[in-house]
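What follows draws every value from the coordinates through simple rules; no lab data is involved. Quantities reported herein were computed from a predicted structural model and do not represent experimental measurements. Virtual Cβ from ideal backbone geometry, glycine too; neighbours counted across all protein chains shown.
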Amino acid sequence: MLPQDVFKTLKDTLVEQFDLDPAKITPEARLYEDLDLDSIDAVDMVIKLQEMTGRKVSPEDFKGVRTVADVQRIIEQMLVPSQPSP
Amino acid sequence: MPRRVVITGFGGVTALGHDWESISGALREGRSGVVRMAEWDKLDDLGSKLAAPVAPYQLPPHYDRKILRSMAPVAVMSTRASELALEQAGLIGDPILKSGRTGIAYGACAGGAEATMAFGRMGEHRSLRGLTSNTYVQMMSHTGAVNIGLFFGITGRVIPSTSACTSGSQGIGFAYEAIKHGQQDVMIAGGAEELSMGPTAVFDTLFAASRRNDAPTTAPRPFDKHRDGLVIGEGAASVVLEDLERAKARGAKIYAEVVGFGTNSDGAHITQPQAETMARVMELALQDAGLPASAVGYVNAHGTATDRGDIAESVATQQVFGSKIPFSSLKGHFGHTLGACGSLEAWLSIRMMLEDWFAPTLNLDELDPACAELDYITGGVRKLETDCIISNNFAFGGINTSLIFKRV
C-alpha cells in the first residue's frame, strides 16, 4: 500500500467494515461522535489495520486516536520501514 | 406466599417453520426436518451425515450491524425467537422489560462454532489472526442469554441454563422459580442450538448418531427396534413466563400455567442415563405441582433414539405413570435440537394440548421390546383431551428435568 493511497484504502475499509456512508468519511470526521463507532469497533478497526500492514499498533497510539486523520497518521507511521538497530 | 406462573407467549425458529401454524401443519402431516448434509461429505471419518437445520428465515431490518456483531447464529436465533415470543405476549416496548423486574433464563450447549474455531486456530497456528473484539462474546456459553438481554434492554437477572440437552427445560424451570418466589415478574426463557458438525461428531464417536444417510427422513427412530442413534437438529424456542396476577391484570392471553418443575442429577455416569433418577425427577415435578401421577394425561418424551437412553426413559416413565400413559417424542420430526429441545417441546406440547391432539413419534414403526410398555402414540396424530401434561428432558452429565403444564 503506497502512502498516497492510505486515505482511500482507509475509507474503503471503514465503509466495508462498518456499513458507513462514504460521504461521512472525511479526515476531520470523529470516529465516535460522527461515525457512530464505539470502543469495540475501534478495536476491530485496529485489528484490520494490523492485518493490512503486518505491524502492531501500540496501546498508546490506539488510545490517542480521535479522528479519521489520526488513524491515517498511525497507518503512515506503521508503513515507515523500521530503522535497523544500532 | 409462592405466586402462580403462567405462559403468555411463545416464539421459535425451527426446521419446520417459525410459528405454530406452520409447525402444527408439518406435525399433522408427519413431516420431518431431517436432511442429508452434502457439505459434511468432506469429513471422511464422520459416519453420520444427517441433520435437521432450521428452515430459512429473514431478520427484520432492525437487526443492524451493531446488533449483529456480537452474535453467532445461536444468539441470533435466541434473540429472534425471544422477540417473536414477546410479540405474542404483547410485551414489545413494554416498560416492564427495562424495569429490572424482567429477567432471562436461557441456554445452549455452547456458543458459536465459528468463533470457537477461531480460538482453536489461535492455538494451532500460534497467532491471533482472525480474532476480533467479538470473537469471545460470540463463543461464550451464555452468548444467547446476554444478547437477548442487550437487544431488549433487560436489566433483571440473567440465569444462563447452559446444560446441553436440558438448557431449554432448565431455562423454563429456573424462570418459573424466579417468578414463583417473587424475584422477577416476567421471564424470557428457553434454549437454542446452532448447527455444526461438532455435536454430530460427538455422538458419531459414541456410536450413537444415525447412519441412515441414504434415507434421511427415516431417522431418527425413537423407541423403534431398528433405531440407530440420534440426528442433530437446530433451532431456538423462547417462552415468556409471567406472574399470573400480572398477566390477568393486563388482560394478556394465557396459554398455560407452569405448575411443576423438577431437576436432579444422576451422579453416576457421564453419558449413561439412569432410569431411577429419571423417575425421581418426574416425581419431584409432581410433588412441586401437588398433583398425583394420575392427573397427567400426556408425557412428552425426550426420546432421542439412542440405544440406552430410550430404554431407561421408557422404564422410568412407566414406573411413575404406569403403562397406559399416552407418550410421544418430537425428535423424529426435529432431530435432537440439544439446547433448544426442552423449550421447543414444551411450546409444542402445550399448543397440542390446547387443540386436543398430540403428534405421534415419527418413525416409530416397531417398538423395541426392550422398552417398557406405555401408550406409545404412533401412526397419525392422536385426538386426546387433557388439561395437564409433562415434558421430560435429560442431558449429558446426568442432568434430568421435568416440567408440568396445566390449562388455565
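Summary of computed values
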item: Residues whose placed amide H lies under 5 Å from that of B:S163, excluding near-sequence neighbours; result: B:A108
item: Distance between the stretch B:219-269 and the stretch B:143-163 - C-alpha centres, whole angstrom; result: 18
item: In order through the stretch B:68-75: 3J(HN,Hα) via Karplus (6.51 cos²θ - 1.76 cosθ + 1.60), integer Hz, x for Gly, Pro; result: 7, 5, 9, 10, 7, x, 4, 6
item: Sequence-distant residues sharing a close amide H with B:Y298 (under 5 Å, placed H); result: B:I390
item: Segment B:L131-B:A293, length gained on full extension (0.36 nm per residue, minus Cα span); result: 53.1 nm
item: Approximate spin-label separation B:I92-B:R69, in nm, with each point projected 7 Å along Cα-to-Cβ; result: 2.5
item: For B:L367, distant residues with modelled amide H under 5 Å away; result: B:K225
item: Label-point gap, in nm, between A:D12 and B:E355 - each point 7 angstrom along Cα→Cβ; result: 5.4
item: Sequence of A:M78, B:M353 once ranked by neighbouring C-beta atoms within 10 Å, starting from the fewest; result: A:M78, B:M353
item: Rounded, prolate or oblate (a/c below 1.5 giving rounded, otherwise prolate when a/b exceeds b/c) for chain B by Cα gyration tensor; result: oblate
item: Förster radius 22 Å - calculated FRET efficiency between B:L384 and B:V408 (Cβ-Cβ, nearest 0.05); result: 0.70
item: For the stretch B:96-134 versus the stretch B:176-216, the gap between their alpha-carbon centres in whole angstrom; result: 17
item: HN-Hα J in Hz across the stretch A:15-22 - Karplus 6.51, -1.76, 1.60, θ = phi - 60°, x for Gly and Pro; result: 4, 6, 6, 10, 6, 8, 6, x
item: HN-Hα J in Hz across the stretch B:188-201 - Karplus 6.51, -1.76, 1.60, θ = phi - 60°, x for Gly and Pro; result: 9, 10, x, x, 8, 7, 8, 7, 8, 6, x, x, 5, 4
item: Pairs from A:K63/B:K66; B:K225/B:K406; B:K331/B:K383 whose Cα-Cα separation, in the structure shown, is over 30 Å; result: B:K225/B:K406
item: Within chain B, longest stretch free of exposed chymotrypsin sites (Phe, Trp or Tyr not before Pro) [DSSP loop, at most 14 other beta carbons within 10 Å]; result: B:208-408
